[in-house]
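**Q** Attaching a single structure in structure tokens format; questions to follow.
Please treat every number below as a calculation from the coordinates, not as lab data. It should be emphasised that the depicted structure is a prediction, and the values quoted were computed from it without experimental measurement. Because the Cβ atoms are built from the backbone with ideal geometry, glycine has one as well, and the counts that use them run over all protein chains shown.
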Amino acid sequence: MKNIESKLTESRSYKPSESFEKKANITKEILFELNSQYKKNPDIFWGELAKKHIDWIEEFKTVCSGSAPFFRWFEEGKLNVSSNCLDRHINKNKKAIIHISEDNNKTVITYDELYVLVNNFSHSLKELGLVKGDRVIIYMPTIPEAITAMLACARLGVIHSIVFAGFSSESLKDRINDCNAKIVITVNAFKRNGKIIEAKNTVDHALSLGCPSIEKCIIYKNINENTKFNKDKDLWWHDILAKESIVVEPEIMSSEDLLFILYTSGSTGKPKGIVHSSAGYLLNCILTNKWVFDLKDDDLFWCTADIGWITGHSYVVYGPLATGSTILIYDGAPTYPKADRFWEIIEANKVTIFYTAPTAIRTLMKLGEHLPKKYNLNSLRLLGTVGEPINPKAWIWYQSNIGGKKCPIVDTWWQTETGANMIAPIPGATQTIPGTCTHPLPGIDVDIVDDDGNSINKRNQGGNLVIRKPWPSMLRGIWNDEERYKQTYWEKYNNKYYITGDTARLDNNGNIWIMGRSDDVVNVSGHRLGTMEIESAIVSHEYVAESAVVSYQHEIKGEAIHAFVTLKNNFTEYNNTEFAKELREWVKEKIGSIAKPERISFSDSLPKTRSGKIMRRLLRNLARGEDISGDTSTLENENILAQLKNIL
Ligand code: WTA
């Protein structure tokens, strides 16, 4: 822990403008009030917010119960999340979704229309025999039908699990089997960067690898493409959807009933199915959309995240729709067909709030500021970032070239597990500094502790970021793996804190700076990947004996992957660029494109301790071009370092 001393300093800071402050949902005074209410009594604080922001079928009797690591929120309360996102916003002629396709087709869907779509699709799912608690996999790009499918599941109490449509058939199969899903909903195909991606073929391949729980596959005809149709299993969305409007009574759900499972990478090979509840999750989604994104009735909110990630769940679907807002979704590549696609969409639709990832900002920054300059981006009033630390240079670029120096930037720290923003500026109240996500939100009690769990009082000294008190949208566990849940998030400090897995420091003004992960998880373009997962994909190739995967800083992606590989004795001749290329494709097939190693180095062996443990720390030094730091006395094969240095 002593090693994580920070050397970063940043002196630029920005106050919210007077005009923003005046109209903000949360002013300094309200923020002060919220923080003091929480301090006084967390139960009253959360209880009152839950009563105010959620439509209950039956009100809850207790606010928070249970003890670490198993907390329950708003028990005996009854609600339905889809009703909160739809039923309470109909008959107002309000737009819910503006969808732009990669081909630039625009579809506008009102809350009334979405209500009909969701009810009709719920009816179809019900007819197929789905009942509360069943699992459904959604393997679709970010299109209105994917949102319809999510809300239809929520209406019936069916647990959805979205698998990012860029994942391979192997990844899809693993997720289907882990949660024993009965139905998979997909599209025949979609376009990305002008290319046709045949999602249905990937599903077919996944099913052919063995998914015994799947009974049916529903296909939405997303583009005009011939698609293989299997009469026994496949159903067309348009065939099963009722032609006239059918109202499906929302299932009465308990607060703690599960809403969804979302798989994320951990530090072992197997992805974790993070589970979220209904009421608690919904509450933090609503609050953060109002507090951090300052969402108001006349806003148009564009969060560029795919629905396959948690950001898409909380800031494209559940949060914005529960607050009755209008969202823009774009299912296409940020730079297709032209590098100025994002800016063109903002101008044409008058987007007011824009939320994206640092990796996208860095990509667009590299393409030049003349591109956003061609457009009138004056409609924007607030910008956000998420997924990884944003470097001050990209922050400043974003602020001046996109925000016209007038938009506050909310750098939001959170995780799949936390369900919603945890540490972020309140745009009308917080002074922001490029590179820090500033302070915890009201009701979120974080600390930075050393390996023994003691608070680190010294400023600018790094430590483990933990959350001390439960909060409503916290994960309720890992699907089917209670042991792993306890071990990953709670054990190290004997259930005293929720362990985020991130390291962080406090600066002299009490701002929190995220420094990176403390485990074997890397963050490539804002997507979490377990190095073990990639290693096991690589070693599953028949030529490969061993592999170790580490990350290094990358200008655009934040972090990129460097794989060290040793080949089996009878395949050593393949230590060439040709095979490296094949191995990259192999990883793409096993996990998906995002996991492809940027660099691959072949060597005779890997640095190991005498007990046979690969010393990834040394490989990290090598990949990052650093001097070998720390102790190498336990190294069994010292000359391997020299060999590796030579080939890099
Ligand atoms: C990282 C994404 C720095 C962090 C919502 C976290 C960040 C992981 C930030 C979660 C931020 C997310 N600044 N780092 N503003 N936001 N991270 O589950 O390491 O895909 O633990 O959730 O991303 O990634 P996940």
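**Q** Between residue 468 and residue 233, with labels modelled 7 Å along Cα→Cβ, what's the label distance in nm to one decimal, could you check?
**A** With each label point 7 Å from Cα toward Cβ, the separation is 5.2 nm.
**Q** Give me the number: length gained by fully extending residue 378 to residue 642, i.e. 0.36 nm times residue separation minus the C-alpha to C-alpha distance, one decimal in nm. Present the calculation step by step, with values, prior to reporting the outcome.
**A** Numbers: separation 264, 0.36 × 264 = 95.04 nm, distance 5.57 nm.
Stretched out fully, the residue 378 to residue 642 stretch lengthens by 89.5 nm.
**Q** Also: Once the dipole of region 468-572 is set up with Lys and Arg at +1 and Asp and Glu at -1 on Cβ about the Cα centre, which of 561, 499, 549 lies farthest towards its positive end?
**A** Looking along the dipole axis, the top candidate is 499.
**Q** Quote the charge dipole size of region 57-109 about the Cα centre in Debye, to the nearest 20; the model charges only the Cβ of Lys and Arg (+1) and of Asp and Glu (-1).
**A** With only Lys, Arg, Asp and Glu charged at Cβ, the dipole is about 240 debye.
**Q** Any idea what the relative contact order of region 313-386 is, in percent, if you count C-alpha pairs under 8 Å spaced at least 6 apart?
**A** Relative CO of region 313-386 lands at 33 percent.
**Q** What is the dipole size for region 53-168, taken about its Cα centre, with +1 at each Lys and Arg Cβ and -1 at each Asp and Glu Cβ, in debye to the nearest 20? Walk me through the intermediate numbers first.
**A** Numbers: 12 positive and 13 negative charges, 28 e Å.
So the dipole magnitude of region 53-168 works out to roughly 140 debye.
**Q** So what's the back-of-envelope 222 nm ellipticity for the chain, counting only DSSP H runs of four-plus at -39500 (n - 2.57) apiece and dividing by all residues, rounded to 500?
**A** -8000 deg cm²/dmol
**Q** Under a straight-distance cross-link criterion of Cα-Cα below 18 Å, which aspartates and glutamates are reachable from residue 406, leaving out those fewer than 8 residues away in the same chain?
**A** 18, 21, 294, 299, 347, 369
**Q** Also, I was wondering about something else. Go ahead and collect, in residue order, the members of region 242-275 whose backbone nitrogen is under 20 Å from a label point 7 Å along the Cα-Cβ direction of residue 57.
**A** Only 246-261 fall inside the zone, counting backbone N under 20 Å.
**Q** Which one, 121, 57, 343, projects farthest toward the positive side of the charge dipole computed for the chain from Cβ point charges (K/R +1, D/E -1)?
**A** Ranked along the dipole, the leading option is 343.
**Q** Show which lysines lie in cross-link reach of residue 486 when reach means a straight Cα distance below 23 angstrom and same-chain residues fewer than eight apart are skipped.
**A** Reachable lysines: 270, 272, 469, 496.
**Q** Could I ask something else about it? Out of all DSSP beta bridges with both ends in region 83-222, state the antiparallel percent to the nearest 5.
**A** If I count the DSSP bridges inside region 83-222, around 40 percent turn out antiparallel.
**Q** Assign one of three labels to region 423-488, namely rounded, prolate or oblate, based on the Cα gyration tensor with a ≥ b ≥ c the square roots of its eigenvalues; rounded applies when a/c is under 1.5, prolate when it is not and a/b is larger than b/c, and oblate otherwise.
**A** oblate
**Q** Report the calculated FRET efficiency for residue 132 and residue 451 (r = Cβ-Cβ distance, R0 = 41 Å), to the nearest 0.05.
**A** Between residue 132 and residue 451 the formula returns 0.40.
**Q** Considering only C-alpha atoms, what is the centroid distance from region 75-119 to region 602-648, in Å?
**A** Here the two parts' Cα centres lie 54 Å apart.
**Q** So, one more: What is the fewest-to-most order of 243, 182 by other Cβ atoms lying within 10 Å of their Cβ?
**A** Ascending Cβ contact count within 10 Å gives the list 243, 182.
**Q** I'd like the distance separating the alpha-carbon centroids of region 529-580 and region 447-495, in whole Å.
**A** After rounding, the separation between the Cα centres reads 31 Å.
**Q** Could you tell me the relative contact order of region 539-586? Use alpha-carbon pairs under 8 Å, at least six residues apart, and round to a whole percent.
**A** 34
**Q** Please work out whether region 183-253 counts as rounded, prolate or oblate from its C-alpha gyration tensor, where a ≥ b ≥ c are the square roots of the eigenvalues and a/c under 1.5 means rounded, while otherwise a/b larger than b/c means prolate and anything else oblate? Kindly include the intermediate steps, with their values, before the conclusion.
**A** Details: a/c = 1.98, a/b = 1.35, b/c = 1.46.
Oblate shape, in that a/c is at least 1.5 and b/c is the bigger or equal ratio.
**Q** Any idea how far apart residue 32 and residue 70 come out in nm if each label point goes 7 Å out from Cα toward Cβ?
**A** Result for the modelled spin labels: 4.3 nm.
**Q** Of 235, 315, 537, which is farthest on the positive side of the dipole of the chain, counting Cα position, with +1 on Lys and Arg Cβ, -1 on Asp and Glu Cβ, and the Cα centre as origin?
**A** The listed residue farthest towards the positive side: 315.
**Q** Let me ask another. Can you list the lysines whose alpha carbon sits under 25 Å from that of residue 233, skipping same-chain ones fewer than 8 residues off?
**A** 126, 132, 173, 182, 191, 200, 216, 221, 243, 590
**Q** Mind putting a number on the dipole of the chain about its Cα centre? Charges go on the C-beta only, +1 for Lys and Arg and -1 for Asp and Glu, and I need it in Debye to the nearest 20. List each step's numbers first, then the result.
**A** Numbers: 79 positive and 80 negative charges, 243 e Å.
For the chain, the charge dipole is close to 1160 debye.
**Q** Sticking with this one: Roughly how many nanometres apart are two label points built 7 Å out from the Cα toward the Cβ at residue 491 and residue 296?
**A** 5.0
**Q** Quick check: from the Cα gyration tensor, does the chain come out rounded (a/c under 1.5), prolate or oblate?
**A** Working: a/c = 1.43, a/b = 1.16, b/c = 1.23.
It is rounded, given that a/c, with a ≥ b ≥ c, falls under 1.5.
**Q** Shifting gears a bit: Sort 279-285, 371-377, 290-296 by the packing proxy (mean of other Cβ within 10 Å over each peptide's residues), most packed first.
**A** Output ranking for 279-285, 371-377, 290-296: 279-285, 290-296, 371-377.
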